[in-house]
1. For the Cα atoms of the chain, what angle does the longest principal axis make with the long axis of helix 404-425, in degrees from 0 to 90, nearest 10?
2. Counting only other residues whose beta carbon sits under 11 Å from that of Pro182, what net charge do I get with K and R as +1, D and E as -1?
3. Is there a quick way to get the dipole size of the chain? I mean about its Cα centre, with the Cβ of Lys and Arg at +1 and of Asp and Glu at -1; what is the value in debye to the nearest 20?
4. Roughly how big is region 337-472's charge dipole about its Cα centre, with Cβ charges of +1 (Lys, Arg) and -1 (Asp, Glu), in debye to the nearest 20?
5. Which pairs break 32 Å Cα to Cα here: Lys57/Lys465; Lys403/Lys465; Lys296/Lys403; Lys54/Lys191; Lys191/Lys296?
6. For the chain, what is the mean residue ellipticity at 222 nm derived from helices alone (per DSSP H run of n ≥ 4: -39500 (n - 2.57); sum divided by total residues; nearest 500 deg cm²/dmol)?
7. Quick one: helix 166-175 against the long Cα principal axis of the chain, what's the angle to the nearest 10°, folded into 0 to 90?
8. What FRET efficiency comes out for Ser76 versus Glu312 if R0 is 22 angstrom and r is the Cβ-Cβ distance? Round to the nearest 0.05.
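Throughout, read-outs are computed from the coordinates displayed, never taken from laboratory work. This structure is a prediction, so every number in the text was calculated from the model and none was measured. Cβ sites come from the backbone with ideal geometry, for glycine too, and all protein chains shown count toward neighbours.
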Amino acid sequence: MAYRYITTPIYYVNDRPHLGHAYASIHADVMARYLRAAGHDVLLLTGADEHGEKIAKAAQQAGEEPGAFAARHAQSFQQAWAQLAVAPDLFIRTTAPAHAQVVADCLTRLYQAGDIYLAEYEGLYSVGQERYVTDKELVDGKLPEDKDPPVLRREPNYFFRMEAHRPWIRDLLRDTPELIQPAQYRNEILKLLEEPIGDLSISRPVDRLAWGIPIPWDAGHVTYVWFDALLSYVSAIGYPDQATFGAYWPAARHVIGKDILRTHTLFWLSMTHALGIPPYQRLHVSGHLLGADGRKMSKSLGNGVDPLQAAETYGVDTLRYTLLREVSFGFDGVISNAIIEQRMNRDLADDLGNLAARTLAMVTQYRGARVPAPQTYTPAEDAIIAHATTLPDRVLALVDEMKLAQAIELVMEFVRQLNAYVASSAPWQLAKDSNAAGRLDTVLHTLLEALCCTAHLLAPVMPGKMQQLLVLLGADSGPAWHLPWGHGVTPGNVVTTGILFPKQG
Ligand code: MSP
């Protein structure tokens, strides 16, 4: 059994979670569920990034203390994950004392090693992204993802010698092509690394911003929010000396959106390198969800879909399926209520739901709701069994690269093969012919067994609905992985009819 450590971004808790957050978290959760089903020992981390200017400003606007404000929102994130069937093993809060201690220890070590120095800084700062920006990044005077233009800042800051790690990061990316996926993001960073990346400002003067982890040797400064938040990936699992860190860190996979690619490569890789922490194993980078108007989904534009409302309207499993299937990881893609409804009706109601409903109805009608025992297989069944037998490994290979849309599509291809099999074997004709009783048993058993296999393969995506399907099928086990053919349903067990995915609209 191998260890796997999967992380979502540690979200700013300045508001309720939106669909962009849900997109990253659902991907991480589904990968965790697949790997766990396949027998790995998995830890899934999410959490709340509670310090920094963005939170301080939002708290001030709400007329609350930043600590109370962040705690309230951290809780709403935790509740949202439960409602979206995202089941983290760990939830880190950057205000937790144990985390603050790790940050302070790391800062002290780097300072003592001469990796941190004090200097006067002048530059343009984006509060939205919580980082200094360069002129080159600005479009019409601001970052495309920001509402407001950056502000000019001149102040003393502590700096971390990030530039010194540039050659090492470049070599790492060159030597480890799979480190950043999909490849276009690795290429983007390799290009950036051709020129100096500069040193990283890692502190803020308290007279401007007091909401942060104090710099251990200078009470006049607090830690820069990104330096603090990135360390939560290791503090959450007991860095530096706990066994959990030793076991899981070598298998760390971060799931992030492309808007935070630089921080997770330039900042994080140089930080870990300076601290003597091995680099993460993978960075899985998503594109952006776009609203129906084709622009990046955001609250201010009002083009977003509320994840909790969508889960309420369509069901959480339908929402999870649609998000994963519709927008291929790594690429931008449009999501709207109309798109969710279309996917739900086509893939879930028409293809999968209909196959299950028809099969269960036929077993009920022709075999008194008992699972029949198969008789002689023909090439049609052999083809289905061969397909079912190779599917789990093919699905896992795609999951390993976070190609979840393709993994799902493989299973849905199988579902379409089964629908074609229903049409070509025409059980309703067989039911009229008393000489075809054995053949009908074989067809019905094959369909039940194949549906059981489908339920196992899609359970990480739709845990609730696939568990329900297994119950309707009279399957003995809960979701399992790679059951040999014939071990899903047991002849003689009772099935129940039911509609898993009612058609809408
Ligand atoms: N706090 C930092 C992350 C620190 S990780 C050590 C942060 N938080 S955030 O709340 O702004 O969430 C960022 C993540 O939300 C992005 O990386 C991205 O994954 C996701 N998204 C936000 N809007 C998005 C879309 N419209 N589409 C897809 N994901 C986007 O950054």
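1. So the inclination is approximately 10 degrees.
2. Residues near Pro182 contribute 0 overall.
3. 920 debye
4. Roughly 420 debye, rounded to the nearest 20.
5. Lys57/Lys465
6. Result for the chain, helices only: -14000 deg cm²/dmol.
7. Here the helix axis deviates by roughly 20 degrees.
8. Efficiency for this residue pair is about 0.90.
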